[in-house]
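The structure appears below as structure tokens.
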Amino acid sequence: MSTPFTTVAGVTVDTRHWIGGERVASAGTFTDTSPIDGAVIGEIARGTEAEAAAAVAAAKAAFPGWAATPRAERARVLHAIADGVEKRLEELAVVETTDNGALLRSHRRGVMPRVAHNFRFFADWLLRLDHEDFETRGHTNHVSWDPAGPCVLITPWNAPLMLATWKVAPALAAGDTVVLKPAEWSPLTASLLADIAAEAGLPAGVLNVVQGYGSEIGDVLTSHPDVRRISFTGSVPTAQRIAASAAARLTPLSLELGGKSPLLVFADADLDLAVDLAVEQYDNAGQVCLAGTRLLVEETVAAEFTRRFVDKAARLRQGDPRDEATDIGPTIHPRQLEKIDGFVQRALAAGARAVVGGHRRDGQYYAPTLLTDVAQDSEIVQEEVFGPVLTLQTFADEDEAVRLANGTRFGLAATVVTGDPARAERVTARLVAGTVWVNCFFVRDLQAPFGGSRQSGVGREGGTWSFDFYCDLKNTVTAPKGWQDHG
Ligand code: NAD
């Protein structure tokens, strides 16, 4: 490794792993490039089985101390990490934008404040997490949330620090120790998080960051006998490999996976609202697991909806995500761009019509695209593209709308746009989805359960659901005083 640091937009980032409270190099590196212009932004330590095992060993060694740390002290350290995130918010925002290409204004105003909130929320929730006591024939049942042990957290590139801290914060709050494996296409903010956590006083080994390719170090982490929990956000094929690897030891898994979510527009909807919500699905260049990429529009308003959509989409500005005026940035990686274009070109060859976009632009930019004339069983309707590509299908009535909406192997989210509250109630009751939004999109609260149905995931995160996952729940039954007297 030439130098263990890189400087990104004036911010120094250590490119080594963070293991047991120390920076650790690897013999090899991998190259991290910026999606904005393809420039090399770092040579990152490429973890091997040795570093992965060392990270688990460090997490194991640190576990007894952190698990025994009083809740109030754990909560204090988590708030100190949140303070550190807020102090370095601008640095985190510019580094993340350079690394993954999402809009700088979103990172500044939405994402990074939420990263800090993740720590504050789970710190506060920990203190409210009460023991449940109840009685059975005079005996006391005492239900407790015991720390489970070292956790392996594996995260994707589309919202790197946001998704990582959504796991790191509740795991640390629960008293667990962590090995975080960030995605190889956007590893930098995980390294900054390690610095921030150390400065906040998190003891050595409680949080470890090991970088590298999932295909090279994933198995060591997910099959390790000392790992008590695996939480993964990413694609279905990777989840299948992780589940197979974890199966030998039945290590509990939380899986937040892909989606192909529907956005249903009924004729009684406010059409301008429906169009706004539909165009919003291009956010982060479509690299959003929750995106409602299948527009399902009642046939009587489909022509007018399409006209207004095309009009609004034409006004979107695509370009450098550091520019405040930009609406849509680049695609994360040339390989992802290839994948997106492959989906679109195959759909066009199969008879789809691009009413918006349908092609690449210069560099790593893909034109926002809307495809019509697509069949329900076609690849473009059934498979997650993870790019700025939407499809539009029409429906005649509620039954058909629900049938199309539920007609994939996914079940992450759904959005319903209607002016009729009774219809909203009827339709949402029939949708298979972890989250349903009515006349809104992306409103999220950490108190709510979050996760996917069907192949969109296993388990739920948020509030007590996160603690249920990261803890060993225990029920202790104690006999009443003087029980011997009663024989
Ligand atoms: P991916 O599955 O390719 O990679 C995710 C992570 O898994 C990376 O860190 C990668 O290095 C690691 N990995 C790869 N092979 C591994 C293995 N064999 N063992 C262990 N780890 C391994 O996913 P991606 O392309 O980074 O992310 C995009 C996907 O993530 C999309 O499907 C998207 O819908 C999904 N996603 C879901 C949510 C959600 O909350 N449901 C949120 C964001 C993204």
Legend entry - Given (1) surrounded by fewer than 21 Cβ atoms within 10 Å (Cβ to Cβ); (2) more than 16 Å from the ligand (Cβ to nearest atom), number of the condition Leu370 does not satisfy: (1)
Inset, instruction - Test Glu384 against the stated conditions and say whether it is open to solvent by less than 50 Å² (accessible area, probe 1.4 Å), assigned by TED's automatic domain parsing to the domain that holds Ala243 and either within 16 Å of the ligand (Cβ to nearest atom) or within 30 Å of His359 (Cβ to Cβ) (or both). - result: no
Legend entry - Scope region 199-223; condition touching a strand residue (DSSP E or B) at 6+ places or on another chain (Cβ under 8 Å) and away from the ligand (no atom under 16 Å from the Cβ); matching residues: Ala204, Gly205, Val206, Leu207
Inset, instruction - Collect the residues in region 291-332 that are under 30 Å from Phe266 (Cα atoms), touching a helix residue (DSSP H, G or I) at 6+ places or on another chain (Cβ under 8 Å), surrounded by fewer than 19 Cβ atoms within 10 Å (Cβ to Cβ) and basic (Lys, Arg), keeping them in residue-number order. - result: Arg308, Lys312
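Yes/no matrix, rows are residues, columns are (1) in a loop (DSSP other than H, G, I, E, B); (2) touching a strand residue (DSSP E or B) at 6+ places or on another chain (Cβ under 8 Å); (3) over 27 Å from Gly434 (Cα atoms); (4) in the same structural domain as Val402 (by TED's automatic domain parsing):
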| position | (1), (2), (3), (4) |
| --- | --- |
| Ala269 | yes, yes, no, yes |
| Val301 | no, yes, yes, yes |
| Arg307 | no, no, yes, yes |
| Asp311 | no, no, yes, yes |
| Asp323 | yes, no, yes, yes |
| Thr326 | yes, yes, yes, yes |
Inset, instruction - Sort out which residues of region 126-160 are β-branched (Val, Ile, Thr) and over 28 Å from the mean Cα position of the chain (by Cα), and write them in order of number. - result: Thr136, Thr140, Val143
Legend entry - Search result, residues across region 272-290 that are open to solvent by 20 Å² or more (accessible area, probe 1.4 Å) and over 18 Å from Gly357 (Cβ atoms): Asp272, Leu273, Asp276, Cys289
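Here's the yes/no breakdown for (1) among the basic types (Lys, Arg); (2) in a helix (DSSP H, G or I):
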residue: Leu390; (1), (2): no, no
residue: Thr394; (1), (2): no, no
residue: Val402; (1), (2): no, yes
residue: Arg409; (1), (2): yes, no
residue: Glu425; (1), (2): no, yes
residue: Val477; (1), (2): no, no
Inset, instruction - Within region 375-388, track down each residue that is part of a loop (DSSP other than H, G, I, E, B) and under 11 Å from Leu296 (Cβ atoms). - result: Gln376
Inset, instruction - Considering only region 228-259, state which residues are within 12 Å of the ligand (Cβ to nearest atom), open to solvent by 10 Å² or more (accessible area, probe 1.4 Å) and in a loop (DSSP other than H, G, I, E, B). - result: Gly234, Ser235, Leu257
Inset, instruction - Of the numbered conditions (1) assigned to a loop (DSSP other than H, G, I, E, B); (2) more than 15 Å from the ligand (Cβ to nearest atom); (3) open to solvent by less than 60 Å² (accessible area, probe 1.4 Å), Gly452 fails exactly one; give the number of that condition. - result: (2)
Inset, instruction - Run down Arg423, Arg361, Arg335, Arg430 and say which single residue is of a type in the set (Lys, Arg) and crowded, with 17+ Cβ neighbours inside 10 Å. - result: Arg423
Legend entry - Test result for Val111, touching a residue at least 12 places away in the same chain (Cβ under 8 Å) and surrounded by fewer than 14 Cβ atoms within 10 Å (Cβ to Cβ): no
Inset, instruction - Would you point out the residue of region 271-299, among those that are small (Gly, Ala, Ser) and part of a helix (DSSP H, G or I), that is farthest from Leu390 (Cα to Cα)? - result: Ala274
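For (1) hydroxyl-bearing (Ser, Thr, Tyr); (2) touching a residue at least 40 places away in the same chain (Cβ under 8 Å); (3) surrounded by fewer than 24 Cβ atoms within 10 Å (Cβ to Cβ); (4) assigned to a loop (DSSP other than H, G, I, E, B), each residue gets a yes or a no:
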site	(1), (2), (3), (4)
Asn158	no, yes, no, yes
Ala169	no, yes, no, no
Glu184	no, yes, yes, yes
Leu221	no, yes, no, no
Inset, instruction - Pick out the one residue from Thr435, Thr408, Thr418 that is closer than 28 Å to Thr331 by Cβ and open to solvent by less than 20 Å² (accessible area, probe 1.4 Å). - result: Thr408
Legend entry - Cβ-Cβ under 7 Å pairs, at least 6 apart or on other chains, region 321-338 side at negative phi, far side part of a helix (DSSP H, G or I) and open to solvent by 40 Å² or more (accessible area, probe 1.4 Å): Glu324/Arg105
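The values are calculated or read from the model by the stated rules, or taken from the named source; none is laboratory data. Values in this document were obtained by computation on a predicted structure and should not be read as measured data. Reconstructed Cβ throughout: ideal geometry from the backbone, glycine too, with neighbour counts over all protein chains shown. In case anyone asks, the SASA skips ligands and DNA or RNA and just uses the protein heavy atoms, side chains included. Shrake-Rupley method; radii C 1.70, N 1.55, O 1.52, S 1.80 Å.
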